[in-house]
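Quick notes on the structure that follows.
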Amino acid sequence: LDEQLAVVVEEQVPVFSFTFGIPDFAEVKSAGATIVGTATTVGEARALEAAGVDVVVAQGWEAGGHRGTFERSPAEVEVGSLALVPQVVDAVSVPVLAAGGIMDGRGIAAALALGAGGASLGTAFLTASETATPPAFRRLLARTPAEGTRVSRVFSGREARLVRTDAVEELVGSGQPPAPFPLQLDLTRPIHLAGLQADDPSRLFALAGQGAALVREAAAADLVETLVAETERAISRLSGDPSG
Ligand SMILES: Cc1cc2nc3c(=O)[nH]c(=O)nc-3n(C[C@H](O)[C@H](O)[C@H](O)COP(=O)(O)O)c2cc1C
């Protein structure tokens, strides 16, 4: 971990993180919180730094869930983490967290190699045993190949990466324009809930990144320990240590 980030973790400093733009965070910052904002382009990273954030999350195109893009239409921004992270690292002086497609210690080591101070994982924790992720959703994630997700507005009205289930593909194929965010959720939520009730993954609207198939079932604390050990192993391997 980057030194500044390590202080935040070790001293359990409150964190205020946001996406979709730059809210007025002056009051939260003066109350002592560490401010974390999401960028999907170098321009957004610079704008966040100028606004006074303490940490920038560089969200690559691989990432699951809603796109944090705020300076233009998300559909125009398709930059993967491998290209985005080093360019954001070069553009700002605050620590950068890499996000998007990172599922294990190999990914975290890669993020550190790109100059990130740390990594932010979303999809990897959907199968942590403490989460409310239902069984059909968990099974779906484990069998979703790297090309099995897409970015679309059909879920909520705003661009989000989700699994290409039958329900998603039917809605995309219908050509019907989604209702504005978040009204579209009124249409998709009942389909999703019915899918869960029937234990039918094909009816789900499952937000997930391109690394979904690499999910693991484990308690969150155990998963974190595994990730740390894997990252250390990956780094030793790269440094030529044969035991790595
Ligand atoms: C199910 C799910 C829900 C998410 N919800 C949010 C959210 O509410 N706010 C947010 O800033 N990012 C959200 N994200 C995006 C994550 O913050 C992060 O950018 C992303 O998960 C990183 O990529 P990965 O999923 O490949 O690890 C979500 C991601 C997932 C998978």
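The values are calculated or read from the model by the stated rules, or taken from the named source; none is laboratory data. Predicted model only: the values in this text are computed from it and were never measured. Heads up, the Cβs are rebuilt from the backbone with ideal geometry, glycines too, and the neighbour counts pull from every protein chain shown. Ligands, DNA and RNA are stripped out before the accessible areas are found, and what is left, the full protein with its side chains, is counted by its heavy atoms. Shrake-Rupley method; radii C 1.70, N 1.55, O 1.52, S 1.80 Å.
Some observations on this one:
- Remark: spin-label model distance residue 113-residue 83 equals 1.9 nm, labels positioned 7 Å along the Cα→Cβ axis.
- Model label points for residue 183 and residue 28, set 7 angstrom from Cα along the Cα-to-Cβ axis, are 2.8 nm apart.
- Rounded tilt (10° steps) of 81-91 against the dominant C-alpha axis of the chain: 40 degrees
- Shape class for region 1-121: oblate, because the ratio a/c of the largest to smallest gyration tensor axis (alpha-carbon atoms, square roots of eigenvalues) is 1.5 or more and b/c is at least a/b.
- Prolate/oblate/rounded call for the chain, Cα gyration tensor, a/c under 1.5 rounded: oblate
- Nearest-ten-degree value, helix 42-51 long axis tilted from longest Cα axis of the chain: 70 degrees
- For the peptides 4-15, 83-94, residues were scored by their other Cβ atoms within 10 Å and the scores averaged per peptide; the highest-first order is 83-94, 4-15.
- Sequence-distant contacts, meaning Cα pairs under 8 Å at least 6 residues apart, place the relative contact order of the chain at 18 percent.
- Taking the 1.4 Å solvent-accessible surface of region 89-140 as the whole, the part contributed by carbon and sulfur is 58%.
- Altogether, the Stokes-Einstein calculation at 10 °C and 1.306 mPa s, with the Kirkwood radius of region 134-244 over Cα pairs as Rh, returns a diffusion coefficient of 101 µm²/s.
- As a rough guide to protection, the peptides 210-220, 193-203, 36-46, 172-182 ranked by mean Cβ packing within 10 Å, highest first, stand as 36-46, 210-220, 193-203, 172-182.
- Interchain or long-range residues, amide H under 5 Å from residue 66's placed H: 161
- Residues of region 66-106 with amide N under 11 Å of the 7 Å Cα→Cβ point at residue 46: 91-92
- Working ranking of peptides 137-144, 109-116 by packing, defined as the average number of other Cβ atoms within 10 Å per residue, highest first, is 109-116, 137-144.
- On Cα atoms only, tilt of 220-238 relative to the major axis of the chain in degrees: 60 degrees
- The distance separating the Cα centre of region 54-90 from that of region 1-40 comes to 18 Å.
- The length gained by stretching the chain between residue 7 and residue 106 to full extension, at 0.36 nm per residue less their Cα-Cα distance, is 33.3 nm.
- Rough spin-label spacing in nm, given labels placed 7 Å along Cα→Cβ, for residue 236 and residue 199: 4.3 nm
- Part-to-part distance (alpha-carbon centres) for region 177-244 and region 105-170, which is given in Å: 4 Å
- 3J(HN,Hα) along region 145-161: x, 4, 8, x, 10, 8, 9, 8, 8, 5, 6, 10, x, 10, 4, 9, 8 Hz, from the Karplus curve 6.51 cos²θ - 1.76 cosθ + 1.60 with θ = phi - 60°, whole Hz, x for Gly and Pro.
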